[in-house]
Every structure is written in C-alpha cells, then in structure tokens.
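Enquirer: One structure, as structure tokens, below. Some questions next.
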Amino acid sequence: MVNGSKNWGYSVSWLKKLLIIGLIGLLLGVLTVLGAYLYVKDDLPSVEALKDVRLQTPMRVFSEDGELISQFGEKRRIPLKISEMPPLLIKAVIATEDSRFYEHPGIDIIGVFRAASVVATTGDYSQGASTITQQLARLFFLTREKKIIRKVKEVFLAFHIEELLTKDEILELYLNRIELGQRAFGVGAAAQVYFGKNIQDLTLSEMAIIAGLPQAPSVLNPVRSPSRARARRNIVLGRMLTMNFITKAQYDEAIQAPIMSKLHGAQTTASAPYLAEMVRQEVVAKYGEEEAYSKGFQVFTTVNSAQQAKAVDAVQNNLHAYDERHGYRGPIRVLWPATRVDNADGSISFSEEKPLSEAAMIALLDEQDSIEKLTPAVVTAVGAQSADILLGGGRKAQITWQQMHWARPYINQERQGNPPKQAGQILAPGMLIYVRDIAGEWRLSQLPQASSALVAMNPKDGAIRALVGGYSFGLTQFNRVTQANRQVGSNIKPFIYSAALEHGYNLASVINDAPIHEWDEGSGQAWRPKNSPDEYDGPIRMRVALAKSKNVVSIRLLNGMGVDNAIDHLAKFGFHRNDLPRNQTLALGSASLTPMELVTGYAVFANGGYQVKPYIITKILDDQNNLIYEHKQVAVCDNCPAAAVAKAADPAAAISEDTIGGQDAAAPGTAAIASLDPAEYAPRVISAENAFLIAEAMKSAIWGGRGYEGTAAKLKSLNRHDLSGKTGTTNDVKDTWFSGFTPELVITSWVGFDDAESILGRSAWNTNLGNNQISGSESGAKTAMPAWQAFAELALADVPEYQPPTPAGIISVRIDRATGLLSQTADDSSEFEFFKQGTEPTQYAQPTTTNPLDAQKPTEIDIFR
C-alpha cells in the first residue's frame, strides 16, 4: 500500500512536470506567434480591399445590339459568379489545391506539419502547404518567393481573409484571379483560351485540365505540352475519384478523352475587326493604355451586327466574283506529283507517284490556317467533271462541275485561257487548294488579290452602321475605309455638279458632249480627255450627263465656273483643299480621298445639306456598368429654326429677330435660340435646294429617263424610288467606286488593288483591275456596285421607302428634252424638271422636228460650255 502510494505520487509529479512543460511550450508558442505577428504587423496590407475588389479585365467592344465584336488587354479574364461555375470544376480545383478548404480556418494544420517536417529533415523550403485562402493572400498582396517571412505573412493574412469573407466569396475571387497560362486569368478565360468554349460547356476532362494548371501554368497547359497536361489531368481525376466527387464511370470516360486544345481568341459573336481596331485606338487616346486595357471597359458602338455581317459577306463574295472573272491561278501548292494523261477518247487521267497517306494529309491539313471562309483541302481524285477532296479532321467531300467550271486559266489581268471542259484541266490529285462552302456545296476558290472596302453611315447624325476595311483583318490590318487615299474617279461628279448649280447652271442646262482637244504648253502635249465608253452625244442636259457619267461635260462645267470656285464648294463637304488638285483633272476625279471621306460627303446630299461627322462609339461603361462616356450627338434637325442651324455653323454669329424671321410661330424666340448649344445641331453647308436637286439627278443614274439609261440601271431591281447613286471609275481602271443613299442610309463601296506604296500612304498604284474577255472591262457598275447592292438589299429591307418633302424653294416646270427650255407640248419631246426658284428657263423652245442644236454635234473642238 505504501509502495502504491509512492508510485501514484511519482506519477502525479511527472504529470505536473509535463503539464508545466506543456504550458510553458504553449506560452512560448503564443509568445512566438505574437512576436511574429508584431514583427510583420506593420508590413501586413489591409485585406479590406477584398470586399470591393476590382479585377483587371480587358476592354470589350460591342455592337449596337450587344454582340461582342472584340476584346483588348494583356490579361484575358471573364469574371464569373461562383453560381455560374460548373460544380464539377469547383470540386476539381478543391480536390487538387485544397481538399479541406471548407473545414479549415484559412490554415491547413496537417499541411503545415507536413511542410515543417520536410524543412526540418531536408532544409527544403519549396514544399507547399498553402491553402486556397493563403494562395489568394499571395495573389493579391504578396510575392511568390519561398521564404519563411512570406509564409508568416501569408498565414496572418489568411486568418484576416477568413474573418472578412465567406468560403464561397474566397473561392470566387480565387477562381477569377488565378493565373492559368497563355495570358488567361481565371477559369472563365481559360475555358475560352484553351477550348474556345463558355465555361458551362466544358467536359469533365477539360475541367480537370484547367484545375491542374495553377501548379505550373506555363508548362502544364495543353497548348504548350499536351503530354504534361494529360499527366496532370489524370492526377486531378484520380483525386476527384478518391474524394468521391466523380464516379468510376465518369473517371474512366474522362481519362480516355484525347487532349484537344489550341489557342482561341475572344469568343466574338459579330465580325467587325477593322472597326474594333478603330475603337481601340480611340479609347487608348482618351484614357491611356493601362486604363483602357485593364479597367473592364464595355464599349458600345454604332454598328448593327446583322448589317455588319451582311457587309462582310458582300465585300468578300464580291471580291471572289471579281477574282473568278479573271481566272484560276492554281493551287496553293502540289503535295505529290501527278502526271496528266490525255486519253484517246478525250478523257483525262493521272499517273500518281508516292501519294501521301490519308493520315499524313489530315495532319498536314490540321496545320493549315483557314482564311475567312476559305478552307484548305487536298484533291484526292479527279473525275470527268468532279473532284474528290479531303478536308481537315478527315472529312471527305466533292467539288461538282457547277462549283469549278469558272476556273479558266489565269494569264494576266487582261487575258484568261479557254473555258475548261473537264475537271482534269483544272485540278489534279495532290493539289492543296482552297474551297468555300456555298449553300452546302464546296466551291473551288482562291485567295483574292484585289482589295475592297465598304462603309455605311446614318446621314442624319454620322453614326457608322457597318464598316469593312478589307478582305481579311488577319492578313493585313490596313483599314482601307480610313487609310486608303484612292482616286475617286467619277464619284466626284455629283460634287462638281453641285458647285455648278451655285454658278448659273441648272439640271436642264445644255452642255456639249463633244471631244476636247486642248494644248498643254507645260507638257508640250495635247490633253484629250475621253468619255468612258468613248461615245459622245452632242448637246446634252446636265441631268442626263450625270446619269450617263459624261467626263467631258464635267470638265466643261468645271471650266465654266472656275477651278477655285469648285474647290471652295467641295471644301464644304469636308474635303481637304490640299487633296483637291487645282486643275481640270479635278472634274475627272483625280483627287485622292478615303471611302470614309467620300461617304461623309455624300451624306450632305442625303440629309438635305448638313455636314455630319462620322462616329463609332455611343457609350462606354466601366466594369460596374457605370456610364463613364456618352457620345454627344450632333444631328440634322430639319424642323429647327434656321437661326439655330446658323448658330451651329458659326457659334459666334449674332442672333437677331431678322434671322428668326419666317420661322414657324412655335419656333423659339431670340433668347431661346441664343441659349441653344450649337454642338447639338449639324451645320448647314449647302442649301436644301441644292441637295435636293443633286439627289434627284442621281436617281436618274438608276432609273434613267426617256431615251437613255443610267450607269447604275441594275439597281432598279431594288425597286426603290428614294434611292440615289453614282458609279465611279478612274481612267486607268485602278479604282472603282459606287456611292449611293436614301434619306436613311448612305453607303460607299470601293474595289482596287493594294500595293506596298498605297499601304505606306503614298499616292501610287501599279495594277489596274483589268479586263474580262467575256464580259469586258471592269468598272464602278460591274466591280464595286455589286457589293453595294448586296449590302443594301439587307440594310434597306425593313426601311420603308421615304421621299423627303420638297424644299419650299423648289419648283417643277415642263421643259423641252432637247433644249432644256420651257415647253408648251405634252408629248414625248417634253418632261418635267426641278429647279431652284428663279433659275428656271424663261424662254420657250421653238416647235421643230429637228434638234435646234444639231450644229453643235460632236466635233473635236475646245468648247467648255
């Protein structure tokens, strides 16, 4: 009993000692932690910012109707709510990065002891024990250095974060902030970058690949190393299976999935890359690169996605049509030789040497890039009037004769070979070619060499409705709408005629359409401008001359009013004086302008005489949907007092009661007008009467008149009598144009060739658009107008025909068709014509059976009027 008491006392003594040691250790631990905290306290950042974190997100550009056009920024990020993330993806990340995430208070003690034991036994500080909360602390506040002091800070910050935020809030921040390689930040961006998918559309295998990236995104991503990505994916799937996040069946299916990944751009839903680049430049100029690319700006533009899509199709299809007219230049390259054999029966066969295997062809095709709608294909067999082809991914198809018979051999821009009769005259096995999908059929195609541009604008306020700066932005970022200064040819004539109306001419004025032979003392040569075609009608009324695009009439008008007067007038349309040559070639369109400048000029005719400025951005929102910029609209206001419009044109102008005279009784008085902001109104630059007369005359280019047809007669198929238009072709057919408008929309289309000099901004072009041996020379009507028409058919489909009110100063009188004088007859020799009141003829034509101007029939004389 005594010995038992002694043993019991001995045990109590040791327990007391152990308890004391434990308490001392605990106290030392607390003091150590407290000391460590006090040591790093002043260096710890506040985590309060996480309550209102602003993730760096790229600038996104949208169409008017909310379709994504593009995004810009160094970091690709698609912020998501945790409720928008697939549950399996969240589980994959937890299984891989922090299996006890929802149990620990920010620090995983088991992981800490594991890392500590490694440090104690090996001295290796690289062993990780960071929870998701600790990683979040490091992402926002710390560096990646493997030092104990950083770990200490990380621990305390993790505790603070766990006190401040819920587990779901921590996880949401982490999954949006984590770097995942290839400039993708956050799981939403990674889904888009690696797989081209919305995050909700990912497969289990793809989720596991993304979940495995945080450890080493630069080397584990599936684009850089599919084998490493597969190995890491399999580890993630194994952990998910161990934690019962997935079933064995799901695991087995996902582990067998191939690694199919490539870099994807932003998942755009509208194609307007040239306009997007214009937006980028404008936003960067306004806010600077750092803010523009990282603040999550949402930029809304003026373009309509449906109209933009049609504009792209119109430009590309028209270039392919032009290209086909001039012949087939051959395959991209020949993969294996195939000797053509012309058989006795007239058929064609091929003797092939060492053709590639199907697997080799597929591998080669998968390396080829598609260009817009052009898809690479390999010709595998050629029949009498068909060809079998292999497409990327192993798809097999056939090109029918209907989709290849256009391919006459290309010789040069002026000449093509004989029309083919068999497919073997066009294609051979082993050829790598381009094809396009046309309504479910594959059409033999080639990359167009010519270039084109199309721009559409609302003439009432300058809003750009569609813009295409070339065939492919991926091939060249040179924006031909805004950067290509090209000779405008006959597209200048409506502006010349508009100037003539201000200098004594009217639409019934008769001008002699006869050849001009003028000696140029400076060059020592005769200047002999010609009509195109080289035909002359003798005395012709101005309306008819504009409809038929008579070159010599335009020259005579220019000489009649004087070059300086013409330039003064053309400057009112926004054309720079320095771009307008001070000689007679101005009348033929020798001035070099951009499509944007030209469409802006035509808007003046379309809107009744007002100058509007083109714009593309309507508003900008920040990442919290706060409005930070809104375009201040400067619009046409036909019902506004003349005084207000005058004030817009000249804000410093004095406003008097005389200025207001003649306005509607309800119009504002002097005080009200004086207080109007002139920036709200587009300034009037030509009279309403002048704009009306030119718009009316341009309708004759489409509808023609008695005894003549206009150069744009094919547009009759649109069946719109509110449509005005003008073709344009330069003398050497290096540039072709068509510009046209209704009161609601103005459109300009251009087709020509690029070269290094034009892209570098110099005024020199070396290639003309050539000639087709069947359909003849290219021209504005043949080459540029089809794209215009294809776009207008959709853009105007739901726009009711509208005839604006005739200006008060316009009258209509019956004239004699031959002389332009007043007529007393009501037969085919007369018609009604519009005049600005006071400019109508005052004399009557003499009844006669012959043309009183027969004496002035075409002769090679120097008569300017």
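Enquirer: With each pseudo-label sitting 7 Å past Cα toward Cβ, what's the residue 713-residue 169 distance in nm, one decimal?
Expert: In this crude spin-label approximation the distance works out to 7.5 nm.
Enquirer: Can you work out the FRET efficiency for the pair residue 334 and residue 472, with r the C-beta to C-beta distance and R0 = 25 Å, to the nearest 0.05?
Expert: It comes out at approximately 0.55.
Enquirer: A further question on this structure: Using 0.36 nm times the number of residues separating residue 356 and residue 231, minus their current alpha carbon distance, what extension gain do you get?
Expert: 41.8 nm
Enquirer: Place the peptides 517-530, 619-632 in order of packing, highest mean first, counting for every residue the other Cβ atoms within 10 Å and averaging per peptide.
Expert: Descending mean neighbour count gives 619-632, 517-530.
Enquirer: At a Förster radius of 30 Å, what calculated FRET efficiency corresponds to the Cβ-Cβ distance of residue 633 and residue 56, to the nearest 0.05?
Expert: 0.40
Enquirer: Mind checking the per residue accessible area of the range 539-638 for me, 1.4 Å probe, whole number of Å²?
Expert: Per residue, the range 539-638 has an accessible area of 34 Å².
Enquirer: Specify which residue in the list 371, 306, 332 is farthest towards the positive end of the charge dipole of the range 279-375, using unit charges on the beta carbon of Lys, Arg (+1) and Asp, Glu (-1), about the Cα centre.
Expert: 306
Enquirer: Same structure, new question: Sort 267-273, 731-737 for me by packing, meaning the mean count of neighbouring Cβ atoms within 10 Å per residue, highest on top.
Expert: Averaged packing, sorted descending, gives the order 731-737, 267-273.
Enquirer: At a Förster radius of 45 Å, what calculated FRET efficiency corresponds to the Cβ-Cβ distance of residue 565 and residue 290, to the nearest 0.05?
Expert: My answer for the efficiency is 0.35.
Enquirer: While we're here: Mind ordering 288-294, 319-325 by average Cβ neighbours within 10 Å, highest first?
Expert: Ranked by mean Cβ neighbours within 10 Å, highest first: 319-325, 288-294.
Enquirer: Still on this structure, please answer the following. On each of the three principal axes of the Cα atoms of the range 242-327, give max minus min coordinate, whole Å, ordered largest first.
Expert: 59, 48, 21
Enquirer: Can you grab the distance from the C-alpha centre of the range 368-412 to the C-alpha centre of the range 427-460, Å, no decimals?
Expert: Cα centroid to Cα centroid, the span is 13 Å.
Enquirer: Expected output is a single nm value to one decimal: the length gained when fully extending between residue 317 and residue 411, i.e. 0.36 nm times separation in residues minus the C-alpha distance. What is it?
Expert: 31.6 nm
The values are calculated or read from the model by the stated rules, or taken from the named source; none is laboratory data. These numbers come from a predicted model, not from an experiment. Backbone-built Cβ (ideal geometry, glycine too); neighbour counts: all protein chains shown. Accessible surface areas use protein heavy atoms only, side chains included; no ligands, DNA or RNA. Shrake-Rupley method; radii C 1.70, N 1.55, O 1.52, S 1.80 Å.
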